[in-house]
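Below is one structure, written out as structure tokens; the observations come after it.
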Amino acid sequence: MRLLKWMWRQVVIVVPPVAVALTTYQAVHWAGASKAAAVLSALIVYGAAAYAWVSLYGAMHERRAAAQ
């Protein structure tokens, strides 16, 4: 059961920033920019989204642990 909880946490942490990065890549590429520019934009946005999401997830987790 602990393994399943750990795996679910990994999915919850990884998927949202990846979705944001893929959306950014598609938007920049479809706008006519080069593939390299689209990849660079996606990497920058992925870094920002991952940082924000992990911070938010950590704060929610801390609040939930403090409430118990």
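Counting each pair of different Cα atoms once, what's the Kirkwood radius of the chain in Å, rounded to one decimal? About 13.5 Å, per the Kirkwood formula over Cα pairs. In the chain, helical runs assigned H by DSSP with n ≥ 4 each contribute -39500 (n - 2.57); averaged across all residues and rounded to the nearest 500, the mean residue ellipticity at 222 nm is -33000 deg cm²/dmol.
Computed 3J(HN,Hα) for segment 41-51, one whole-Hz value per residue from the Karplus formula 6.51 cos²θ - 1.76 cosθ + 1.60 where θ = phi - 60°, is 4, 5, 5, 5, 5, 4, x, 5, 5, 5, 4, glycine and proline marked x.
Measuring nothing but how far apart in sequence close Cα pairs (under 8 Å, 6+ apart) lie, relative to its length, the chain scores a relative contact order of 34 percent.
Bear in mind these aren't lab numbers, they're just calculated from the coordinates by the rules spelled out. Since this is a predicted model, take the numbers as computed values, not measurements.
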